[in-house]
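The values are calculated or read from the model by the stated rules, or taken from the named source; none is laboratory data. Predicted model, so just to flag it, every value in this text is computed and none were measured. Here the Cβ positions follow ideal geometry from the backbone for every residue, glycine too, while neighbour counts run over all protein chains shown.
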């Protein structure tokens, strides 16, 4: 999570694209680990959106930290 959006595996995504990617990954396994890194200037709303997407997809193995 950063100020202007989201990055997954080194690629930038919109919130809609990230939703699709995480849902697809969750279809393989709900037990995958999701590590969420937040930059100091990332809006809290971006983190909340990402947590909501993870919950919707059924992903529960989450770690959150600030860089």
> Taking the range 1-32 only, how many residues are modelled with pLDDT of 95 or more and assigned to a strand (DSSP E or B)?
Replying inline: 0
>> I'd like the residue in the range 55-67 that is in contact with a strand residue (DSSP E or B) (Cβ under 6 Å, 6 or more places away or on another chain) and surrounded by 12 or more Cβ atoms within 10 Å (Cβ to Cβ) and, out of all such residues, is farthest from residue 31 (Cα to Cα).
In response: 64
>> If I ask for residues that are over 12 Å from the mean Cα position of the chain (by Cα) and either touching a residue at least 40 places away in the same chain (Cβ under 8 Å) or surrounded by 13 or more Cβ atoms within 10 Å (Cβ to Cβ) (or both), which ones from the range 1-25 would you list?
In response: 3
